[in-house]
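The values are calculated or read from the model by the stated rules, or taken from the named source; none is laboratory data. On a predicted model such as this, the values are computed, not experimentally measured, just so you know. Neighbour counts are summed over all protein chains in view; Cβ atoms, including those assigned to glycine, are modelled from backbone coordinates with ideal geometry.
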Amino acid sequence: MTDKLEKTIWDCAVIGGGPAGLTAAIYLARYHLSVMVFDDNTSRAAMIPMSHNHAGFPDGISGPDLLAKMRAQAQRYGALIQGSKVTGIEKDGDLFKLEFGGDTASARTVLIATGVLNRRPPMSTTAHDEAVARGVLRYCPVCDGFEVSDRAVGVLGTGAKGFKEAKFLRSYTQDVTLVAPDGGHDLADAERRGLEELGIKVEAGPVISIEPGEDIITVSTAARSYAFASLYPALGSDVRSGLVTTLGARVSDGGCVAVDAHQRTSAPGLYAAGDVVIGLDQISHAMGQAGVAATAIRNDLCEIEALVR
Ligand SMILES: Cc1cc2nc3c(=O)[nH]c(=O)nc-3n(C[C@H](O)[C@H](O)[C@H](O)COP(=O)(O)OP(=O)(O)OC[C@H]3O[C@@H](n4cnc5c(N)ncnc54)[C@H](O)[C@@H]3O)c2cc1C
């Protein structure tokens with residue numbers, strides 16, 4: 001056993017093995033702190049077939065490749081990665097006690113990097129994952145709107161979310177259709193006028209099937225079928241901040257974890273970074289927040305006890 005494995009109290013437990021959690025683990029391990037990463041293998045980054053906007057990879061990098069490189073980098077400096085879901089957390093004096101896979105771990109600080117889950121259109125998991133892998137189903141116009149430039153694009157949604165997503169995509173292509181999933185749009189007058197002015201088509205739905213093909217996705221309503229190069233669901237997402245609320249730390253109305261400029265939550269010793277915090281929902285932002293969080297953790301621990309070798 002290594003010195004690190006023998007430790008029973010971790011300097012930091014990182015919950016989440018996506019870009020935020022792994023960046024923090026790299027920083028923390030290189031600050032000579034002991035760090036355990038918990039990862040239940042549901043990173044949004046793992047779904048990225050090829051990212052073309054992540055700086056430093058001009059030919060693109062897939063989400064799984066990026067995560068594998070980051071895991072190897074964190075492990076090189078001594079971070080341990082535990083492939084388990086954290087199911088419970090509580091404060092035990094100055095320490096945090098975490099429950100996972102029938103076991104427990106203690107840590108002086110905790111970084112929450114649990115991300116969000118996109119709400120999915122009604123499709124089987126297999127059809128969904130194949131469609132994402134082929135790029136006919138996309139979740140992030142900030143990431144990959146460029147890839148659908150001048151192509152026919154559908155946006156599945158309505159209301160302010162659907163309107164904003166359709167408007168955003170209009171800067172890439174003239175051919176945008178906003179499709180109401182359940183039948184009937186819930187759009188304010190100003191939004192309807194905005195869609196008309198921008199030449200965005202409006203389909204009232206309801207959607208009866210979504211069939212991914214090799215390079216198109218067919219969206220059918222009772223009235224007609226649309227063949228889109230890509231469909232963007234604008235159905236919102238669920239923030240994975242349950243562990244934070246268990247500890248009584250503040251979250252926003254939408255469930256995002258509230259943090260200060262150094263990624264500290266309102267609960268002492270508890271930090272958060274990445275999509276779980278309000279932000280751009282991008283790898284670069286998750287990494288930036290994680291670097292700030294890890295450095296705050298290091299400096300806050302140093303206030304309690306000098307870090308010397
Ligand atoms: C299809 C798709 C394409 C995208 N393309 C791009 C792109 O090209 N460029 C870009 O910048 N961004 C892209 N994004 C967005 C990007 O994936 C996210 O912004 C990024 O993954 C956020 O990192 P994160 O670490 O905050 O969260 P995540 O990557 O979602 O990681 C969260 C981690 O927390 C873990 N977890 C959650 N709860 C628990 C628990 N209780 N116990 C243990 N582990 C837990 C999960 O297993 C996971 O490891 C894309 C997203 C999608 C869905």
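Name the single residue, out of those in the stretch 240-255 being surrounded by fewer than 20 Cβ atoms within 10 Å (Cβ to Cβ) and at negative phi, that is nearest to the ligand (Cβ to nearest atom).
Once the filter is applied, the top-ranked residue is Gly242.
Quick grid of which residues meet (1) polar (S, T, N, Q); (2) touching an Asp or Glu at 6+ places or on another chain (Cβ under 9 Å):
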{"residue": "Ala46", "(1), (2)": "no, no"}
{"residue": "Ala68", "(1), (2)": "no, no"}
{"residue": "Arg71", "(1), (2)": "no, yes"}
{"residue": "Thr87", "(1), (2)": "yes, yes"}
{"residue": "Ser106", "(1), (2)": "yes, yes"}
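Before we move on, is Val155 outside the structural domain of Gln282 (by TED's automatic domain parsing), within 28 Å of Ile61 (Cβ to Cβ) and part of a helix (DSSP H, G or I)?
So Val155 does not fit the description; no.
Could you check the stretch 156-168 and list, in sequence order, the residues that are over 20 Å from the mean Cα position of the chain (by Cα) and among the aliphatic types (A, V, I, L, M)?
Ala160, Ala166
Step by step: first the residues of the stretch 251-284, then only those that are touching a helix residue (DSSP H, G or I) at 6+ places or on another chain (Cβ under 6 Å) and part of a loop (DSSP other than H, G, I, E, B), then the one that is farthest from Lys91 (Cα to Cα). Which residue is that?
Gly279
Got a number for residues in the stretch 99-125 being surrounded by 14 or more Cβ atoms within 10 Å (Cβ to Cβ) and near the ligand (Cβ under 9 Å from one of its atoms)?
Count: 7.
For the stretch 71-87, state whether one or more residues are among the aromatic types (Phe, Trp, Tyr) and either closer than 23 Å to Asp281 by Cα or within 14 Å of the ligand (Cβ to nearest atom) (or both).
no
Residues being at positive phi and within 10 Å of the ligand (Cβ to nearest atom): count how many of those fall in the stretch 43-66.
Residues flagged as at positive phi and within 10 Å of the ligand (Cβ to nearest atom) within the stretch 43-66 amount to 1.
From the list Ala229, Ala286, Ala290, which one is under 23 Å from Asp144 (Cβ atoms), surrounded by 13 or more Cβ atoms within 10 Å (Cβ to Cβ), outside the structural domain of Gly18 (by TED's automatic domain parsing) and touching a residue at least 12 places away in the same chain (Cβ under 8 Å)?
Being under 23 Å from Asp144 (Cβ atoms), surrounded by 13 or more Cβ atoms within 10 Å (Cβ to Cβ), outside the structural domain of Gly18 (by TED's automatic domain parsing) and touching a residue at least 12 places away in the same chain (Cβ under 8 Å) holds for just one of Ala229, Ala286, Ala290, which is Ala229.
Those residues that are among the aromatic types (Phe, Trp, Tyr) and over 17 Å from Thr114 (Cβ atoms), I need them from the stretch 68-104; list them, please.
Answer for the stretch 68-104, where residues must be among the aromatic types (Phe, Trp, Tyr) and over 17 Å from Thr114 (Cβ atoms): just Tyr77.
For Thr126, indicate whether it is within 24 Å of the chain's Cα centre (by Cα), more than 21 Å from Tyr271 (Cα to Cα) and modelled with pLDDT of 95 or more.
Judged against the criteria, Thr126 is a match.
So the check is Cβ under 6 Å with 6+ separation or different chains; which pairs have a first residue in the stretch 202-218 that's in the same structural domain as Ala133 (by TED's automatic domain parsing) and among the aliphatic types (A, V, I, L, M) and a second one that's assigned to a loop (DSSP other than H, G, I, E, B) and surrounded by 13 or more Cβ atoms within 10 Å (Cβ to Cβ)?
Partner pairs satisfying both residue conditions: Ala204/Ala180; Val207/Pro181; Ile210/Pro121; Ile210/Met123; Ile217/Val136.
Please work out which one of (1) crowded, with 20+ Cβ neighbours inside 10 Å; (2) out of contact with any Pro (no Cβ under 6 Å at 6 or more places or on another chain); (3) more than 28 Å from Asp92 (Cβ to Cβ) is the condition Ile210 fails and give its number.
For Ile210, the failing item is (2).
Count, please, the residues in the stretch 262-296 that happen to be more than 9 Å from the ligand (Cβ to nearest atom), of a type outside the set (Gly, Ala, Ser) and either over 19 Å from Arg30 (Cα atoms) or out of contact with any Lys or Arg (no Cβ under 9 Å at 6 or more places or on another chain) (or both).
Number satisfying all stated conditions: 9.
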